[in-house]
Amino acid sequence: MRVAVALKEDPHAPHIAWPGLAADLEAVRSTLASPEREVFELVVSVRGLNDAGNSDWNRAEHICRGLSWPRCDRATLAQLKESRP
């Protein structure tokens with residue numbers, strides 16, 4: 001539930017659930033098969049859900065390229081950060 005709430009929140013706003021989010025992310029991650037797991041990891045990286053809202057652009061670009069997406073530049077990934085499910 002906290003993962004869904006975090007994804008719906010403003011990506012620039014501090015989120016009160018950061019401390020408990022790691023276990024929830026792992027629970028969601030464990031239910032996903034490839035390529036959905038990689039897409040989830042990409043979203044986690046751009047939204048900074050592993051690091052209190054700080055995007056991991058290098059990891060996101062690496063995951064994006066592994067998915068063979070046509071555009072993996074930071075500007076495109078930043079648009080993904082701003083999107084909400």
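General observations
- Residues located in region 45-65, provided they are touching a Leu at 6+ places or on another chain (Cβ under 9 Å) and either more than 18 Å from LEU7 (Cβ to Cβ) or in a helix (DSSP H, G or I) (or both): SER45, VAL46, ARG47, TRP57, ARG59, ALA60, GLU61, ILE63, CYS64
- Looking only at region 45-80, and only at residues there that are within 20 Å of GLU26 (Cβ to Cβ) and of a type in the set (Ser, Thr, Tyr), the one that is nearest to the chain's Cα centre (by Cα): SER45
We did not get these values from a lab; they are worked out from the coordinates using the rules stated. Computed from a predicted structure; not experimentally measured. Glycine gets a Cβ as well: all are built from the backbone with ideal geometry, and neighbour counts include every protein chain shown.
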